[in-house]
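Below is one structure, written out as structure tokens; the observations come after it.
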Amino acid sequence: MTLPLSSPQLSNTNIKKVAILFSGGPAPSANAVIGSAALCFARAGIEVYGMLNGYTHLENHRPGDKLEEGVAYIRLDKNTAEGLRSSRGIVLGTARANPGKALKTPEDLKDAKKREPLMNVWRALHSLEVDALISIGGDDTLTTAAKFQLIQNELPADEPRIKVVHLPKTIDNDYQGIDFTFGYFTAVEYLASELRNLLADSEATQTGYICQLMGRKAAWLAYGAMVAGEASLVIGLEDIPKEWEMEEETRDPATSEVIRNENHEPLMRKVIDVKMLVDRCVDVLLAREAEGKMSFVVAISEGIAEYLPLSEIVMCLSHDEYVSLKPDSFGHFPVSQLKYTSRLGRLIADEYKKRTGKSRKMVGLQFGYECRCHAPTAFDIILGSQLGVGAYRALCEANQDAIMVSVTGNLDLVYAPFQELIDFSILRAYQRPIAVGSDFHQLARYIEAWVK
């Protein structure tokens, strides 16, 4: 019988060596995940290779090449893993190298050229005699992990398979299989502190602040920061009703020419009626004034920038910035380059003056990278540590493969198969925006000023 204070028993596993990599944008508590995983494997006598800078040194590996220790990877043992949990940054570094980006359909998995970067990853890890890969990252990294598992089906039967386990990292909190991921609450706390500072300034000066927060597809960060930071209003892409949507032809900012699809038809892009967005902000601003509150701080998720009409985008950027924009295949422009809140603030000030005859100053701000390596909160250290330990338990105790480790509300471990998380028809992870009408979504509506 196992006693409450019994140490874990060594597992009967064939895994001798594991590789851990971190990919994509940083997140608070990354080192808690890495350190806790490495500590468990090391104590179980399993060698741990920490791959440096994500997939950078793996995707271009060639037969006969040797991965150089200290350049492509470091070894993590009990001593190096100890003390990482509460530290900032990412001990392994990170990068946005994506060896699976050419694989967009199941048919692509049969294309030797398209799957070559992932085969390079397999060769590189095989050269180190790695038995399992632990990837830590967002929806792209999750999808890459699933593709890595799939391309191994094309290997000859006598070639060794490398197990793969994914650990979710997305401070945007925006893909299926998780409730909250490590770093989210730390990022929310940091952003909330900035909003609280602006609120104090706004109370003193009556200046309004329109703040753009991270969240391309989902507004979890904006909503969390609004609630914790006592902002006046939050708007995410999820909040845009059909009545606010329009369509326009996609044009090349450099030439003004219409961009056409493969059928030579104009590429149409969905856009937002900005007047409706402005009206909602002014409605809440006036509702606050009716309550005797002159402060005004708005949190808006950056994803809205993708759906701005081109006539508005041109007003947000310098000429050089505007003509350098390149739309993707859906007509979307890169949100990181669209600093739109100053323009939105001017429109809000104009509409406010039109309705009231009075002037109010509105300042636009963009928050972003500041929160990604903030000192992690205790909760995120605990959550990250559980995910790291979960990687060990999934591989060595539960003999799992092709799964993502997640947790329940009380931090019990859950092993979600890739089949539940990936739309294999397009080889993409399922998105997870805030459910409109959910209690979390409605929380903001109840604490905002009520518009009559």
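The values are calculated or read from the model by the stated rules, or taken from the named source; none is laboratory data. Remember, predicted model here, so these are calculated numbers, not experimental data. Virtual Cβ from ideal backbone geometry, glycine too; neighbours counted across all protein chains shown. Ligands, DNA and RNA are stripped out before the accessible areas are found, and what is left, the full protein with its side chains, is counted by its heavy atoms. Shrake-Rupley method; radii C 1.70, N 1.55, O 1.52, S 1.80 Å.
From the list Pro376, Pro334, the one residue that fits, being closer than 26 Å to Phe180 by Cα and crowded, with 20+ Cβ neighbours inside 10 Å, is Pro376. Of all the criteria given as (1) crowded, with 24+ Cβ neighbours inside 10 Å; (2) part of a helix (DSSP H, G or I), the one not satisfied by Glu194 is (1). Output yes when any residue across the stretch 395-411 is touching a His at 6+ places or on another chain (Cβ under 6 Å), of a type outside the set (S, T, N, Q) and in a strand (DSSP E or B), and no when none is. Yes, because at least one residue in the stretch 395-411 is touching a His at 6+ places or on another chain (Cβ under 6 Å), of a type outside the set (S, T, N, Q) and in a strand (DSSP E or B). Residues in the stretch 74-117 that are β-branched (Val, Ile, Thr) and at pLDDT below 95: 2 in all. Of all residues in the stretch 265-289, those that are in a helix (DSSP H, G or I) and among the charged types (D, E, K, R) total 6.
Matching residues to (1) open to solvent by less than 70 Å² (accessible area, probe 1.4 Å); (2) part of a loop (DSSP other than H, G, I, E, B); (3) of a type outside the set (A, V, I, L, M, F, W, C):
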site	(1), (2), (3)
Leu39	yes, no, no
Val48	yes, no, no
Asn53	yes, yes, yes
Thr56	yes, yes, yes
Asn60	no, yes, yes
Asp65	no, yes, yes
Arg85	no, yes, yes
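Quick one: in the stretch 197-224, which of the residues that are open to solvent by less than 10 Å² (accessible area, probe 1.4 Å) and not in a helix (DSSP H, G or I) is farthest from Asp350 (Cα to Cα)? The extreme case among them is Ala218. Of everything in the stretch 337-368 that is open to solvent by less than 60 Å² (accessible area, probe 1.4 Å), outside any helix (DSSP H, G or I) and touching a residue at least 60 places away in the same chain (Cβ under 8 Å), the residue that is farthest from Thr205 (Cα to Cα) is Gly368. For the structure I just gave you, tell me whether Tyr415 is under 18 Å from Gly137 (Cβ atoms), open to solvent by 60 Å² or more (accessible area, probe 1.4 Å) and not in a loop (DSSP other than H, G, I, E, B). So Tyr415 passes the test.
This table checks each residue for (1) surrounded by 24 or more Cβ atoms within 10 Å (Cβ to Cβ); (2) more than 18 Å from the chain's Cα centre (by Cα).
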{"residue": "Gly93", "(1), (2)": "no, no"}
{"residue": "Arg115", "(1), (2)": "no, yes"}
{"residue": "Arg123", "(1), (2)": "no, yes"}
{"residue": "Ser135", "(1), (2)": "yes, no"}
{"residue": "Thr143", "(1), (2)": "yes, no"}
{"residue": "Lys147", "(1), (2)": "yes, yes"}
{"residue": "His166", "(1), (2)": "yes, no"}
{"residue": "Tyr175", "(1), (2)": "yes, no"}
{"residue": "Asp179", "(1), (2)": "no, no"}
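Is it the case that the stretch 377-390 has a residue that's in a helix (DSSP H, G or I), over 30 Å from Gln149 (Cα atoms) and of a type in the set (D, E, K, R)? Scanning the stretch 377-390, I find no residue that is in a helix (DSSP H, G or I), over 30 Å from Gln149 (Cα atoms) and of a type in the set (D, E, K, R), so the answer is no. Yes or no: Leu347 within 19 Å of Leu308 (Cβ to Cβ) and among the aliphatic types (A, V, I, L, M)? In short, yes. Restricting attention to the stretch 67-83, the residues that are assigned to a loop (DSSP other than H, G, I, E, B) and within 22 Å of Ala27 (Cα to Cα) add up to 4. If the condition is being in a helix (DSSP H, G or I) and surrounded by fewer than 17 Cβ atoms within 10 Å (Cβ to Cβ), then the stretch 290-307 contributes only Ala290.
Residues in the stretch 72-91 that are within 25 Å of the chain's Cα centre (by Cα) and among the polar types (S, T, N, Q): Ser86, Ser87.
Applying the selection to the stretch 255-274, what residues are more than 30 Å from Met226 (Cα to Cα) and open to solvent by 60 Å² or more (accessible area, probe 1.4 Å)? Across the stretch 255-274, the qualifying residues are Thr255, Ser256, Glu257, Arg260, Glu262, Asn263, His264, Glu265, Met268.
Among the residues in the stretch 91-98, are any assigned to a strand (DSSP E or B), basic (Lys, Arg) and in contact (Cβ under 8 Å) with a residue 40 or more places away in the chain? For the stretch 91-98, residues assigned to a strand (DSSP E or B), basic (Lys, Arg) and in contact (Cβ under 8 Å) with a residue 40 or more places away in the chain: absent.
Evaluating Tyr322 against the criteria (1) assigned to a loop (DSSP other than H, G, I, E, B); (2) surrounded by 14 or more Cβ atoms within 10 Å (Cβ to Cβ); (3) among the hydroxyl-bearing types (Ser, Thr, Tyr) leaves one unmet condition, (1). Selection of the stretch 233-254 for residues being surrounded by 14 or more Cβ atoms within 10 Å (Cβ to Cβ) and within 15 Å of Gly303 (Cβ to Cβ) yields Val234, Ile235, Gly236, Leu237, Glu238, Asp239, Ile240, Trp244.
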